[in-house]
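The values are calculated or read from the model by the stated rules, or taken from the named source; none is laboratory data. Small disclaimer: the values here were computed from a predicted structure and weren't measured. Note that we place each Cβ from the backbone using ideal geometry, even for glycine, and neighbour counts take in every protein chain shown.
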């Protein structure tokens, strides 16, 4: 997941004993991936590489290539149903904002990954929800990210993922696919409607204060390639269901 994995890490760091710092690695080396610095910046609960000899480390076996919530099987991810995410933490320091009380909508999934097709609800569906929100006179914002662009919304151009989250932190509600943005919404306390589909289970990586939509009662398949089960699950999530959930949150009526 990239950014999402490291946001999960910050949630793990929140639960360690007082006076300790989380050391993400194999018990000998602190192992950071390419997104760690951006997500962990300013977080004093997390130890940096090079501090392996410190006496306050609390080792957590969660790092790039070795995650607590899944393992690789034959052509699919196998989920650890004993794991449950805790909302993470990101500490801002002067990142950009673009007002407040808007609805943040992001239709893009990680198109560079083979699993993207199984996580994509479809631009037309997102646009149909946005059209109804605009008709209700909501201010709708999307970041300039990925290939899909929504029409009629305010497009903002954050230079980094941190800045995108800082923008979203002022939203009254968010509509996002499962992934980095939904973990980010949890970390900054923004109520969200999250499009899960049938790929990954919200019982493992979903947050209880979000409205998590799967479209299926089947076990999440974790398929690394295009999957009919995932497509059918996405097709079962209706525009009306999503719009109603987003509007309920935006109107202050909870998730």
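Computed quantities for the displayed model
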{"read-out": "Residue in the stretch 179-196 that is assigned to a loop (DSSP other than H, G, I, E, B), under 15 Å from residue 109 (Cβ atoms), modelled with pLDDT of 95 or more and touching a helix residue (DSSP H, G or I) at 6+ places or on another chain (Cβ under 6 Å) present", "value": "yes"}
{"read-out": "Options 239, 204: the member that is surrounded by fewer than 20 Cβ atoms within 10 Å (Cβ to Cβ) and either under 16 Å from residue 121 (Cβ atoms) or without any contact (Cβ under 8 Å) to a residue 40 or more places away in the chain (or both)", "value": "239"}
{"read-out": "Test: residue in the stretch 54-64 that is at pLDDT below 95 and either outside the structural domain of residue 225 (by TED's automatic domain parsing) or under 23 Å from residue 178 (Cβ atoms) (or both)", "value": "yes"}
{"read-out": "Tabulated pairs, the stretch 208-235, first not assigned by TED's automatic domain parsing to the domain that holds residue 187, second in a helix (DSSP H, G or I) and surrounded by 22 or more Cβ atoms within 10 Å (Cβ to Cβ), C-beta under 7 angstrom, 6+ apart or interchain", "value": "none"}
{"read-out": "All positions within the stretch 99-115 that are modelled with pLDDT under 95 and in contact with a helix residue (DSSP H, G or I) (Cβ under 7 Å, 6 or more places away or on another chain)", "value": "109, 110"}
{"read-out": "Subset of the stretch 69-109 [part of a loop (DSSP other than H, G, I, E, B) and in contact with a strand residue (DSSP E or B) (Cβ under 9 Å, 6 or more places away or on another chain)]", "value": "69, 75, 80, 83, 96, 98, 99, 102, 106, 107, 108, 109"}
{"read-out": "Any hit, the stretch 24-35, residues being part of a strand (DSSP E or B), within 30 Å of residue 117 (Cα to Cα), outside the structural domain of residue 199 (by TED's automatic domain parsing) and touching a strand residue (DSSP E or B) at 6+ places or on another chain (Cβ under 9 Å)", "value": "no"}
{"read-out": "Check on residue 62, at positive phi and in contact (Cβ under 8 Å) with a residue 40 or more places away in the chain", "value": "no"}
{"read-out": "Failed criterion for residue 163 (all others in (1) more than 28 Å from residue 232 (Cβ to Cβ); (2) touching a residue at least 60 places away in the same chain (Cβ under 8 Å); (3) under 20 Å from the mean Cα position of the chain (by Cα); (4) part of a loop (DSSP other than H, G, I, E, B) hold)", "value": "(4)"}
{"read-out": "Filtered residues of the stretch 212-224 (kept if over 13 Å from residue 117 (Cα atoms) and buried (at least 17 other Cβ atoms within 10 Å of the Cβ))", "value": "212, 213, 214, 215, 216, 220, 221"}
{"read-out": "Breaking point among (1) free of Cβ contacts under 8 Å to residues at least 60 places away in the same chain; (2) assigned by TED's automatic domain parsing to the domain that holds residue 132, for residue 110", "value": "(1)"}
{"read-out": "Search result, residues across the stretch 139-155 that are in contact with a helix residue (DSSP H, G or I) (Cβ under 8 Å, 6 or more places away or on another chain), under 17 Å from residue 185 (Cβ atoms) and at pLDDT 95 or above", "value": "140, 141"}
{"read-out": "Given (1) surrounded by fewer than 22 Cβ atoms within 10 Å (Cβ to Cβ); (2) modelled with pLDDT of 95 or more; (3) within 18 Å of residue 161 (Cα to Cα); (4) within 14 Å of the chain's Cα centre (by Cα), index of the condition residue 92 fails", "value": "(4)"}
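Per-residue answers, yes or no, for (1) in contact with a strand residue (DSSP E or B) (Cβ under 7 Å, 6 or more places away or on another chain); (2) surrounded by fewer than 22 Cβ atoms within 10 Å (Cβ to Cβ):
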| site | (1), (2) |
| --- | --- |
| 150 | yes, yes |
| 178 | yes, no |
| 194 | yes, no |
| 210 | yes, no |
| 226 | no, yes |
| 246 | yes, no |
